[in-house]
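Below is one structure, written out as structure tokens, with a few remarks after it.
The values are calculated or read from the model by the stated rules, or taken from the named source; none is laboratory data. Bear in mind that the values here come from a model prediction, so they are computed numbers and not experimental data. Ideal geometry is used to build each Cβ from the backbone, glycine not excepted, and the neighbour counts take in all protein chains shown.
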Amino acid sequence: MSERASREVLAYAPGESSQRAWSIPASWYLSEEIAELERELVFGRAWALAARAEEVAESGSYVSGIAGDLPWVLTRAEDGEVRALANVCRHKASLVCDGAGRAERLVCPYHGWAYRLDGTLASAPRTAGILGGKGVPRRLGLPALGLSRWGALYFVHRDVHARPLGELVPAAPSGRIWRDAERLVWWGSKRWELACNWKVFVDNYLDGGYHVPHVHPGLDAQLAMGTYRTEIGPGWSLQSAGAAEDDEAARARIGEGADYLWLWPNVMINRYGPVLDINVVQPLGPRRCRVDFEFWFDRERLDDPEAFIADSVARSVATQEEDQAICERVQVGIASRTWAQGPLAPGVEAAIRGFHRQLATTLQGGVARRRVESA
């Protein structure tokens with residue numbers, strides 16, 4: 001990392017109080033070096049959303065993906081245990097499997113090395129003389145990763161000893177998000193690519209409803225914005241608002257209120273009425289990101305499920321398109337070099353301040369360690 005980029009990271013101070021808080025500087029939304037630092041220190045050392053529990057519900061099932069630069073595969077072996085494994089062949093480092101499915105073995109397409117669903121090496125063609133030693137097949141198994149089930153979701157972590165995600169989120173917000181979880185049915189997913197840094201999208205999500213009256217007139221009409229509240233904890237924040245009392249359609253969709261839970265660094269889970277949706281933002285470079293949406297519904301609460309779901313998804317899509325437009329406008333402004341950093345409104349943007357403080361602590365600690373190591 002260049003000395004200039006290191007100085008830019010170390011120079012940021014979030015402010016001594018919420019009344020005098022400042023955002024992270026413009027360079028953090030533009031720099032390839034800082035994006036690379038985030039890949040290692042943020043995404044490489046955090047819990048990453050991997051799969052729905054139902055995707056590995058049956059023996060022999062597997063599902064794979066990539067979190068940052070970490071390819072993973074979840075499996076349910078014959079012993080009934082779900083495991084998270086590095087999806088990288090121990091021979092020549094090819095990805096072993098793709099997508100999801102059912103299998104007795106995971107077979108690398110490069111040279112045919114095969115792994116059992118518990119990760120142990122089952123066979124390796126033409127290597128009898130090399131792999132004949134006692135214990136070698138186990139040492140050459142797929143490395144275990146950290147695995148945590150939280151609600152109806154599985155998360156993976158590079159560190160097999162990482163503290164479980166369920167212990168990091170207090171019981172109260174967890175209960176509000178996963179209430180009646182057994183009745184939620186997954187509907188499907190949608191994906192967007194945005195011309196903005198991933199942190200712009202997170203900032204927008206965490207602004208305490210500040211932008212809602214200006215950017216989302218449809219959502220603003222459904223929420224009682226005077227009831228908007230934000231709770232903040234280490235690695236999470238929860239924003240909540242009640243439904244507009246004089247809007248029957250809003251109360252049908254929002255129920256008693258909406259809860260918006262953010263998990264460090266890039267997972268957002270929204271619960272309102274009979275709806276749960278999940279947004280995960282992934283960086284595609286300093287100035288681009290991808291947002292994946294997953295939709296769930298409590299069909300038992302719906303008189304006309306298909307009509308309700310179609311309307312609800314359409315409203316979510318409209319909100320996302322509004323967010324995309326404003327986030328891309330922000331990225332253009334950041335790149336103009338006429339903006340260095342901005343003050344955070346103390347009454348509403350406390351969750352952004354928490355996010356920026358955690359990001360700064362993470363990046364500054366990494367830069368400081370690198371300086372010591374290179375001294």
Within region 321-337, the residues that are closer than 17 Å to N270 by Cα and surrounded by fewer than 18 Cβ atoms within 10 Å (Cβ to Cβ) are E321
request  = Could you check, for region 29-52, whether at least one of its residues is among the polar types (S, T, N, Q), outside the structural domain of A152 (by TED's automatic domain parsing) and buried (at least 18 other Cβ atoms within 10 Å of the Cβ)?
outcome  = yes
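To keep it simple, each residue is scored yes or no on (1) at pLDDT 95 or above; (2) among the hydrophobic types (A, V, I, L, M, F, W, C).
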site	(1), (2)
I326	yes, yes
Q331	yes, no
P346	no, no
Q358	yes, no
R369	no, no
Over region 289-308, the set of residues closer than 22 Å to L49 by Cβ and surrounded by 15 or more Cβ atoms within 10 Å (Cβ to Cβ) is C289, R290, V291, F293, E294, F295, W296, F297, D298
Filtering region 161-187 down to residues that are assigned to a helix (DSSP H, G or I), crowded, with 17+ Cβ neighbours inside 10 Å and in contact with a helix residue (DSSP H, G or I) (Cβ under 9 Å, 6 or more places away or on another chain) yields S174
Only one of R301, R229 is basic (K, R) and in contact with a strand residue (DSSP E or B) (Cβ under 7 Å, 6 or more places away or on another chain), namely R229
Of those in region 18-28 that are in contact with a helix residue (DSSP H, G or I) (Cβ under 7 Å, 6 or more places away or on another chain) and part of a helix (DSSP H, G or I), the residue surrounded by the most Cβ atoms within 10 Å (Cβ to Cβ) is W28
Pairing a residue in region 168-182 that is over 17 Å from I254 (Cα atoms) with any residue that is in a loop (DSSP other than H, G, I, E, B) and not β-branched (V, I, T), where Cβ atoms lie under 7 Å and the two sit 6 or more apart in sequence or on different chains, gives L168/G235
Picking from R337, R288, R271, the residue that is touching an Asp or Glu at 6+ places or on another chain (Cβ under 9 Å) and over 27 Å from M225 (Cα atoms) would be R288
Check region 239-260 and report whether any residue there is outside the structural domain of W150 (by TED's automatic domain parsing) and under 15 Å from the mean Cα position of the chain (by Cα). yes
